[in-house]
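The values are calculated or read from the model by the stated rules, or taken from the named source; none is laboratory data. Remember, predicted model here, so these are calculated numbers, not experimental data. Heads up, the Cβs are rebuilt from the backbone with ideal geometry, glycines too, and the neighbour counts pull from every protein chain shown. Side chains are part of the model used for accessible areas, which takes the heavy atoms of the whole protein and leaves out ligands, DNA and RNA. Shrake-Rupley method; radii C 1.70, N 1.55, O 1.52, S 1.80 Å.
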Amino acid sequence: MTTSADTSSSLVNVLERRTLQRAKELETDFHTNHSTMKLGALDQLVHPSIPVAVVFIYRRSETSGSESVSIERLERALRLQLDYYPHLTGRMQTDPTDDTYVAHIGTGATLLVAQCSKPLDAFTSPQGRLSLLDLPGSGNALLAPYNPANIEGLSGEPLFSIQYTRFACGGVSLGVRLPHAVCAADGYLKFMSNLAELYRGLGSSNVPTLTRLPHVHPYMTTSDDMSTEERHTALAYKPSLMYLEPTDPGSAASDSEATPSTIPPPVTGRVLRFSGSELQSLKAHATDPNSGSWVTTFEALCALFHQCIYQARLHYQKQTKCTLSPPDFLTPVNIIGTPKGIPDLPPTYFPNNLLCAYSAFSHDVLAEGPLWQVAKQLHDMTRSDFPTADEVKQTINWVAAHPDKHQIRPGFRYGNGSLMISSWAKFDMYAGTQFEEGEKPALVVPPFTQISLLDGLGYVLPTEMHGQKTGGDEGALDVYMALSEPLWEILEGDEQLTRFSSEWSNTARS
C-alpha cells in the first residue's frame, strides 16, 4: 500500500506496513508463556500515552557506497531484538485503579517502510548542518503516525513502532517510538544500542547474540508479595516528592467551569545551541564567586533558562494581566548507579529508573537575584535535598503498595510559571547507535511532537559533533525547548540568554 503523510510532510510517502514478531531463536529469561506483564512502581507514575520518540539519521555508507541501513537486515535484527524484549509486541492497558500493564503480548510491533523524494542535503541549516526543524514535518514525518487516544486496549497503538525512511541520496532515517511507561531515555538508548549490535552481528552470524542481556523485568511490580504488615508500613511512609489527592467527583466539573474562555497562544519549539566555550563562560557565571562551591554544566543551563524564561513570563504578564503559577522547577534523577539509588538494579535495566526532583523558587531569586543563586538551589535540589537511598526505596514501596495509583500526585506544580528540563547530554546517542561499522548517525533528535510541545518542557542533548576530537566544538550542547509562542519574541531580546547562546533555530509549531 502507498499512503501520503500530512500536507506539510508530503515529501515522505509510506510504502509498506509490516508486523514484527519475535524470531523465537534466542534463549532469554522472559517467561514466554505469559500474555501480560505488570509494570513496576516507577513505570506506573508515567501516563501510558506519553512516548519516547527519536529520529536517527544516517548518510549513505561511505564504505560500501550503498544505503546506510539495509531494510532486510534491519527487519531480521528487529525480530531477534524482540526475543529479548517480547513484551514490546503487546498493547498497553489500565485496570479500574489506573494500574498500567502490558497485555496481549504477541500482537506485534510495527515497521513502516517509507521514502523521501529529496536527498538529506536538502534539509541542511544555514550553518551547513542537518537541522531537525528543516526535516519533513520538523522530523515528525519520519516517525510512524501515532494517536495517543488509542493507546489503551487491543485495538490501540503498538508499543513499539519504527519507521524506516529512505532518502533520494541513499541516506536513511529510523524513527523509533516506545512508551515512556516501559522505559525512560536511558533504557530507550540501551534498546537502540542493542538493536545496532544485533544488526552488526548479522554481518558474521545468522543468529547473533547480545554481549550484555537487557534486564526487562520491572522493579516492584506489585504489593501482592508484601505481607499485611509490610503493606501498612509502606503506606504509612510520607514521601517528600509525592502526595495523595483524594478523588472528588465534583472536581472535574469545577475545573471545567474555571477554564478561561480565551484560547491560549500556541506552543512552539526551538533548538538553541551552546558551544563549548559558551558553556564554560556560562558555568563560571553561574558559580558562586564568594565560596568554593561548584555547579554542573546542566545546572548552569537550567538556571539560565529558568531565570530568563521566568523574567520573560513576567514581562508577558504585564501585557496580558494573566496570573502566573508558582515558578517550580523539575528534572528527572536517575536512581541506578548513584549513591542515592537502588543498589540491586543492574546497569542493563530497561524499565523506568527515574524519580523527579523539584524545587519551589521564590519570585525574588528568579526576578532579581544573580544567576549563581538559581544554580545553587538547583544544585542542592538534586544533592542535599534529594531523598536518601533508603528514602528512595521507601518511596517506591509506597507507590507499589497504594491501591489507587491515579491519586498519586507529584509535589511539583505545573503551570505557566514552571519549567521542566531533562538531560540526555551524557548518553552515548551517536557512537552507541552505529548500524554499519564506523558509520555513526549524522543526527539524533527527538522531534517536537503533539505531546512534547508542552509549555515549559525542555531537553538538553549532545550535538552531532559529540565525541569528535578534531574540528568543530566537541563540548557543544543543544537545548530543545517548547514555550508559549509570545515568550520567544521577548527572549530574543534577553541579553543574558543571547550572551551565552549565539545560535537559534527556527520554530516548530503545535
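Brief remarks on what is shown
- Residue in region 320-329 that is outside any loop (DSSP other than H, G, I, E, B) and without any contact (Cβ under 8 Å) to a residue 12 or more places away in the chain present: yes
- Top-ranked residue in region 31-72 [being of a type in the set (Lys, Arg) and more than 22 Å from Pro148 (Cα to Cα); ranked as modelled with the highest pLDDT]: Arg59
- Check on Thr211, surrounded by fewer than 18 Cβ atoms within 10 Å (Cβ to Cβ), closer than 27 Å to Asp344 by Cα and modelled with pLDDT under 95: yes
- Scan of region 124-176 for residues that are aliphatic (A, V, I, L, M), buried (at least 17 other Cβ atoms within 10 Å of the Cβ) and outside any helix (DSSP H, G or I), ordered by number: Leu130, Leu135, Leu143, Ala144, Ile151, Leu159, Ile162, Val172, Leu174, Val176
- Cβ-Cβ under 9 Å pairs, at least 6 apart or on other chains, region 218-231 side touching a residue at least 40 places away in the same chain (Cβ under 8 Å) and on the phi > 0 side of the Ramachandran plot, far side of a type in the set (A, V, I, L, M) and in a loop (DSSP other than H, G, I, E, B): Met220/Ala41; Met220/Leu42
- Among residues of region 110-131 that are under 27 Å from Gly90 (Cα atoms) and in contact (Cβ under 8 Å) with a residue 24 or more places away in the chain, those with a Cβ under 6 angstrom from a residue that is surrounded by 19 or more Cβ atoms within 10 Å (Cβ to Cβ) and among the β-branched types (Val, Ile, Thr), sequence gap 6+ or separate chain, pair up as Leu111/Ile162; Leu112/Val14; Ala114/Val12; Ala114/Val14; Ala114/Thr165.
- Unmet criterion (only one of (1) closer than 20 Å to Ser49 by Cβ; (2) at pLDDT below 95) for Leu88: (2)
- Any pair with Cβ under 8 angstrom, 6 or more apart, that starts in region 276-293 at a residue that is open to solvent by less than 30 Å² (accessible area, probe 1.4 Å) and ends at one that is among the basic types (Lys, Arg): Asp288/Lys376
- Thr268 satisfies every condition listed in (1) of a type outside the set (A, V, I, L, M, F, W, C); (2) surrounded by 11 or more Cβ atoms within 10 Å (Cβ to Cβ); (3) at pLDDT below 95 except (3).
- The number of residues in region 152-167 that are farther than 18 Å from Gly108 by Cα and either of a type in the set (Phe, Trp, Tyr) or modelled with pLDDT under 95 (or both) comes to 1.
- For region 410-432, the set of residues classified as under 16 Å from Tyr188 (Cβ atoms) and at pLDDT 95 or above consists of Ser422, Ser423, Trp424, listed by residue number.
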